[in-house]
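Since the structure comes first, as structure tokens, the remarks are kept for the end.
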Amino acid sequence: MDDTATRAQAARETCPFLTAKQAAFHLGLAYSTLKRLRQTGKGPICRLHGRTWRYHIDDIEAWSAARARGGDRG
């Protein structure tokens, strides 16, 4: 497992908030894609903690689940 995945796993186990890079990895998105989604208001709910955007794991999962599609409609 690479460093980002290890850090994301540790964050899930100890803290429900992920950095933008960890959240992007968790979603299988490029960091730049997640950033663009945040800037356009189309991404998961996020919070600004100091100077760092943080994503709660429950918000990431809810956002992802809301975009689920059936295999025949994809």
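The values are calculated or read from the model by the stated rules, or taken from the named source; none is laboratory data. These numbers were taken from a predicted model, which means no experiment stands behind them. With ideal geometry, Cβ positions are generated from the backbone for all residues, glycine too; neighbour counts draw on all protein chains shown. In case anyone asks, the SASA skips ligands and DNA or RNA and just uses the protein heavy atoms, side chains included. Shrake-Rupley method; radii C 1.70, N 1.55, O 1.52, S 1.80 Å.
Compared with the dominant Cα axis of the chain, that is its longest principal axis, helix 31-40 is turned about 70°.
Accessible surface of the chain, 1.4 Å probe: 50 percent of it comes from carbon and sulfur atoms. Extension gain for Glu13-Arg51 works out to 11.4 nm (0.36 nm per residue, less the C-alpha to C-alpha distance).
When peptides 19-28, 55-64 are sorted by average Cβ neighbour count within 10 Å, with the highest value leading, the order is 19-28, 55-64.
The computed Rg and Dmax of the Cα atoms in Å for the structure shown corresponds, within (1) 12.6, 43; (2) 14.0, 48; (3) 11.4, 37, to (1).
Across the range 19-24, computed HN-Hα scalar couplings (Karplus, 6.51 cos²θ - 1.76 cosθ + 1.60, θ = phi - 60°) run 6, 4, 5, 5, 5, 4 Hz from first to last residue, x flagging Gly and Pro. Once both labels are positioned 7 Å from their Cα atoms along Cα-to-Cβ, the gap between Ala68 and Ala5 label points is 2.3 nm.
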